[in-house]
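Laboratory data are not the source of any read-out in this text; all were calculated from the coordinates shown. Remember, it's a predicted structure, so these values are computed and weren't measured experimentally. Methodologically, a virtual Cβ is constructed for each residue, glycine included, from the backbone with ideal geometry; neighbour enumeration extends over all protein chains shown.
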There are 2 protein chains.
Amino acid sequence: MPTDIEIARAAKLEPILKIAEKIGIPADALEPYGTKIAKVDLDFLARAQESAKSRPKSKLILVTAINPTAAGEGKTTTSVGLADALRVIGKKSVVALREPSLGPCFGMKGGAAGGGYAQVVPMEAINLHFTGDFHAISAAHNLLAAMIDNHIYWGNAPAIDSRRVALRRVVDMNDRALRQIVVSLGGVANGYPRENGFDITVASEVMAIFCLARNLQDLQERLGKIVIAYGPDKKPITAEDLKAAGAMTVLLKDALMPNLVQTLEGTPAFIHGGPFANIAHGCNSVIATTAGLALSDYTVTEAGFGADLGAEKFLDIKCRKAGLAPSAAVIVATLRALKAQGGVAKADLGKENHAAVKAGLANLGRHVSNVRKFGLPVVVAINHFGGDNESELEIIAKTSRDEFGAEAIVCKHWAEGGKGAAKLAEKVVELAESGKANFHVLYPDELSLTEKMRKIAQEIYGAKDISIEPAAKKQIADIEALGFGHLPVCVAKTQYSFSTDPTKLGAPTDFTVPVREVRLSAGAGFVVMITGEIMTMPGLPKVPAAVNIKLDDKGQIEGLF
Amino acid sequence: MPTDIEIARAAKLEPILKIAEKIGIPADALEPYGTKIAKVDLDFLARAQESAKSRPKSKLILVTAINPTAAGEGKTTTSVGLADALRVIGKKSVVALREPSLGPCFGMKGGAAGGGYAQVVPMEAINLHFTGDFHAISAAHNLLAAMIDNHIYWGNAPAIDSRRVALRRVVDMNDRALRQIVVSLGGVANGYPRENGFDITVASEVMAIFCLARNLQDLQERLGKIVIAYGPDKKPITAEDLKAAGAMTVLLKDALMPNLVQTLEGTPAFIHGGPFANIAHGCNSVIATTAGLALSDYTVTEAGFGADLGAEKFLDIKCRKAGLAPSAAVIVATLRALKAQGGVAKADLGKENHAAVKAGLANLGRHVSNVRKFGLPVVVAINHFGGDNESELEIIAKTSRDEFGAEAIVCKHWAEGGKGAAKLAEKVVELAESGKANFHVLYPDELSLTEKMRKIAQEIYGAKDISIEPAAKKQIADIEALGFGHLPVCVAKTQYSFSTDPTKLGAPTDFTVPVREVRLSAGAGFVVMITGEIMTMPGLPKVPAAVNIKLDDKGQIEGLF
């Protein structure tokens, strides 16, 4: 089998105008970036949404997964494969995915545009600068940061307590040296020295806002609500207090148009936005998802990490805020990943081990039952790897059917493209059209922040209870006193376990979820509950992937994937 | 008269395909960014350059200026007006300009795309993210910076002395708080604390390299030569010692294609690259200039600041390295700026003052004589402002003709577009076709760095001599010992005076030029001689322009210009 990049390069791409035509986007609603990528006009999309209201409701399909392991699950690959498969069986589908971050490309080897015969293309462009959205987000964020220190420097009103600046700076690069820094050194002309630091761009609240905004007006309002610092009276100071939201919106106005590309099989793909799944909600933009719904019959989308984090946030934050109601959910697993969840070390994943498969299935089972708590019908997609053991696959199918009541379908989109996932697509259509979906969020807005967190921990993670550290209790009280108690909760937790201990695999019980810190994202509209160390600025490994990346003699990129 | 932005918005732009056609670029050699901007394929340009060799040589026209004053001269405006005027009189022209930097747009009000009826469009896009070139340059630079600290963190070979890291980081924003910082705080996981800082992106050596590279291969080689740090043995360590140049080139491969846009009159305009004119050479990219020459009969280009800095560097650095030979130079002045050079305060510039005009003309006279030292014929362009006094304009014309032997032509392109500069265009054609140009650089490569600096100071600035501080002497000795003594010198000096004292207007004499610091830009291929404080990271004013920038009800940008 050729490598991902060989497959991507060998592909005959259709002109983006043709891809747009498939979902009724006229040429004059496109801003082309070359001939294979285009942004779609927001006014056109607003009109399309309006006219879609008079048609049968389009179906939104969530692709989520078991807790990730080093073995890999292939959520993006399966999302692409499912969208292609829906076209294979005659449905008008699109896929809506997150944009990859630039930094990690140069750290560990690996892009984020699917794999095998289930990829979005042009993959090199998508994995590098793409249409510049993340650069625009970095610029908007850093303009705000510069305006804060400038405001302090000139002593402008309202006064900012320089010890209480909440906004950090961002760069789309893995750069551990910038995690914690002291700025404004060097004397009077450079301001007041204070501690600061950089996050990777995907961790920016501007990114989260970008992905939750419905339109430019909403974007500007949300940007204005970012709490950037506190005054000497400890009252919050917002971006709008510094009159920064307008200029930030101007920097983001082109970026907010969703990016249209295609899968290897010519299925239209919206790739737009990409917030971190720990400190933010981890889904592509609301604008892209709603564009998909307005222009197709099936929109397949994914959420970051496992379903405990990704699906929960997708449903409780994104769907709640955007008024979306999914029709079905797909939970992706691989045989190898289930065995890893069953405690098998990476080197031994190839060995037949029925007990480990059964143990690992506990993880899948809890996710199936969790997703149903939101009123969604579920199907399991087993993303097939060459060499998977048939009798082990049979255990998955049987357990899933008999114990979880969910069909587990082996999918071969990686090796075969859309036709390899046709059975999955048929099942998805059956579930989506069954009328069984009765989507509802897990908790109402009115619940207190603490009770929201407890409900997520108990009903989704399977925890006994939560324990909130004193500092976090104070933060919750402050946030509720400021009038933000109605916001949903965005949990920052390890993705490797239902619990906060990444080594507890399967379906752990009898654990407590400690809340160590609580942060307000007033612009994005959620409250982040931090349950452990969260990394908002990755580092590079000893030998970064960058050292092997270069142009070859033909000017083609070598070493990127 | 409508404002710049009103004029720009009212303009009927031609599709970029039509603009490209005017200079023989086929559609398949374009990468469109929307319908009004395109990048041009580098392979196509290489072929066009090859085939241009068999045609009569295309003319390169340098637009430079007197020393800038608060009154403004309009170098970009005149470059655009001249290119339009050349088309008015039947010549196939293009204009090649620098890309504006994002940061300053949000600081002091003002874009950088010409003015009045002599503008390049679409001006909002050009002044904001444009095609993302500067973002790509920032990313390439910051990848290298991250790889340096990562190299130190992991103790990779060759060892870097963390006190002797030469490369700073960059951001395309005015942010004084980042001028001087301490990085890698916070403990073992974040590396070894050290002093560092951010420059604005245009000050990056990557930007200078980008603008001097002839092709991707040359770009990669030059990036590899950047001296990023020194080892414990004080030997230089380069980007290639860290194997960073390949990945940096991959990040820059699309950016290196020059950007094609148009003037208000539909003249093709290449806008590409924009290095600082202090710490770098201040001209647009070699690739864009050579593209213009290959595809047109007249390429009009500009150089940053006054002719003492801009023209000298354009000729001694860019033309020397790229093998370019200009056919004529235009020196831009305004009546108001000449009066300012004659010592008149801004508030009094409107008052008739013949003595001040005559005093200010000394500045113009020295620039005229300087440019001739490079073997170029010169014409003076007086960029006309409404309300200019006719008798004062007459003094300029007479003095220029009688004392400097150069025609001074009043140009009204700002108010009238190309036809307002038709006389200037005719004179430029006359000079360029006269065969009078006999271009040569000011000094040979073999001259020592000190003697190069002395020659520039004495012959161009009019200084008595230079004085090199002891630390700078040591730096020169080190650089020559490393084998870089053959490089040209890039002087960082105030742009407001021939001398290093910005208050010495006109044509000062009897001064010495102190050299305080010397920096090697081994990748760009020049040695920077710093003669005073140079600012590589601007700050924002008390009320930044950003606070007035927003989208209006129609989604149009308000307050940007």
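What helices in chain A pass both tests, a Cα length along the helix axis of 20 Å or more and a mean Kyte hydropathy of 1.0 or higher, using whole DSSP H runs? What comes out of the filter, once short or polar helices are dropped, is none.
Cross-link check: pairs A:LYS427/A:LYS493; A:LYS75/A:LYS419; B:LYS59/B:LYS313 evaluated at a Cα-Cα cut-off of 22 Å; pairs beyond the cut-off: A:LYS427/A:LYS493. Separation of the alpha carbons by more than 21 angstrom is noted, of B:LYS234/B:LYS452; A:LYS18/A:LYS53; A:LYS12/A:LYS36; B:LYS346/B:LYS464; B:LYS339/B:LYS373; B:LYS225/B:LYS321, for B:LYS234/B:LYS452; A:LYS18/A:LYS53; B:LYS346/B:LYS464; B:LYS339/B:LYS373. By the beta-carbon count within 10 Å of each Cβ, the least crowded to most crowded order of B:PHE498, A:PHE511, A:PHE526, fewest first, is A:PHE511, A:PHE526, B:PHE498. Could you tell me whether region A:344-458 comes out rounded, prolate or oblate from its Cα gyration tensor? Rule is a ≥ b ≥ c as square roots of the eigenvalues, rounded for a/c under 1.5, then prolate if a/b exceeds b/c, otherwise oblate. Verdict is oblate for region A:344-458.
Over the protein assembly as shown, what is the percentage of antiparallel beta bridges among all DSSP beta bridges, to the nearest 5?
Looking only at bridges with both residues in the protein assembly as shown, the antiparallel portion is about 45 percent.
Across all directions, the average flat footprint of the convex hull enclosing the Cα atoms of the protein assembly as shown is 42.1 nm².
With the contact rule set at Cα under 8 Å and sequence spacing of 6 or more, what percent relative contact order holds for chain A? Show your work: numbers first, answer last.
Values: 1265 pairs, mean separation 115.2, N = 561.
Here the relative contact order equals 21 percent.
Shortest first, B:MET535 label-point distances to identical copies amount to 4.0 nm, with the label point at 7 Å from Cα along Cα→Cβ. Spin-label model, A:GLU446 to B:GLU469: label points 7 Å out along the Cα-to-beta-carbon direction sit 7.1 nm apart. With label points defined 7 Å past Cα in the direction of Cβ, position A:ALA157 shows copy-to-copy spacings of 6.4 nm, given to one decimal and shortest first.
Rounded to the nearest 5, the antiparallel percentage of DSSP beta bridges internal to chain A is 45%.
Taking the Cα centre of region A:411-457 as the origin, how large is its charge dipole in debye, to the nearest 20, when only Lys and Arg (+1) and Asp and Glu (-1) carry charge on their Cβ atoms?
240
Per residue of peptide B:99-106, the mean number of Cβ atoms on other chains within 10 Å of the residue Cβ is 3. Sorting B:ASP43, B:ASP402, B:ASP308 by the number of Cβ atoms found within 10 Å of their own Cβ, with the fewest placed first, yields B:ASP402, B:ASP43, B:ASP308. For chain A, the share of alpha carbon pairs falling in successive 20 Å distance bins from zero is 22, 57, 21, 1 percent.
Which percent, nearest 5, of DSSP beta bridges in region A:133-251 are antiparallel? Don't skip to the end; give the middle numbers.
On the way: 7 of 10 bridges.
Of all bridge pairs located within region A:133-251, approximately 70 percent are antiparallel.
Between A:ASP478 and B:VAL543, the simple spin-label model (points 7 angstrom out along Cα→Cβ) gives 3.2 nm. In nanometers and ordered shortest first, the copy-to-copy spacing of the B:ARG47 label point, defined 7 Å from Cα toward Cβ, is 3.9. The charge dipole of the protein assembly as shown, taken about its Cα centre with unit charges on the Cβ of Lys, Arg, Asp and Glu (plus for the first two, minus for the last two), comes to roughly 300 debye.
Restrict the search to region A:35-103; then list the trypsin sites (Lys or Arg not before Pro) that DSSP places in a loop and that have at most 15 other Cβ atoms within 10 Å of their Cβ. Intermediate values should be presented prior to the final figure.
Working: sites: A:LYS36, A:LYS39, A:ARG47, A:LYS53, A:LYS57, A:LYS59, A:LYS75, A:ARG87, A:LYS91, A:LYS92, A:ARG98; in loops: A:LYS36, A:LYS53, A:LYS57, A:LYS91, A:LYS92, A:ARG98.
When the trypsin sites (Lys or Arg not before Pro) of region A:35-103 are filtered for loop state and at most 15 Cβ neighbours within 10 Å, A:LYS53, A:LYS57 remain.
Of the trypsin sites (Lys or Arg not before Pro) found in region A:278-381, those that fall in a DSSP loop while having at most 15 other beta-carbon atoms within 10 Å are A:LYS351, A:LYS373. Neighbouring Cβ atoms from other chains, within 10 Å of the Cβ of residues in B:153-165, number 1 on average. Placing unit charges on each Cβ (+1 for Lys and Arg, -1 for Asp and Glu) gives the protein assembly as shown a dipole about its Cα centre, and among A:THR64, A:LEU178, B:ALA355 the Cα reaching farthest toward its positive end belongs to A:LEU178.
Using a/c under 1.5 as the rounded threshold, could you call region A:1-111 rounded, prolate or oblate? The axes a ≥ b ≥ c are square roots of the C-alpha gyration tensor eigenvalues, and prolate needs a/b larger than b/c, oblate otherwise. Cα axes put region A:1-111 in the prolate bin. Modelled spin labels at B:GLU6 and B:GLU517, positioned 7 Å past Cα toward Cβ, are 4.6 nm from each other.
Legend: mean number of C-beta atoms from other chains within 10 angstrom of residue C-beta atoms, peptide A:234-245, equals 1. Using just its DSSP H runs of length 4 or more, each adding -39500 (n - 2.57), chain B gives a mean residue ellipticity at 222 nm of -9000 deg cm²/dmol after division by all residues.
So which trypsin sites (Lys or Arg not before Pro) in region B:492-561 are both in a DSSP loop and have at most 11 other Cβ atoms within 10 Å of their Cβ?
Numbers: sites: B:LYS493, B:LYS504, B:ARG516, B:ARG519, B:LYS542, B:LYS550, B:LYS554; in loops: B:LYS493, B:LYS504, B:ARG516, B:LYS542, B:LYS554.
Those satisfying the criteria are B:LYS542, B:LYS554.
Look at the Cα gyration tensor of region A:133-251: its axes a ≥ b ≥ c give a/c of at least 1.5 with a/b at or below b/c, and that counts as oblate.
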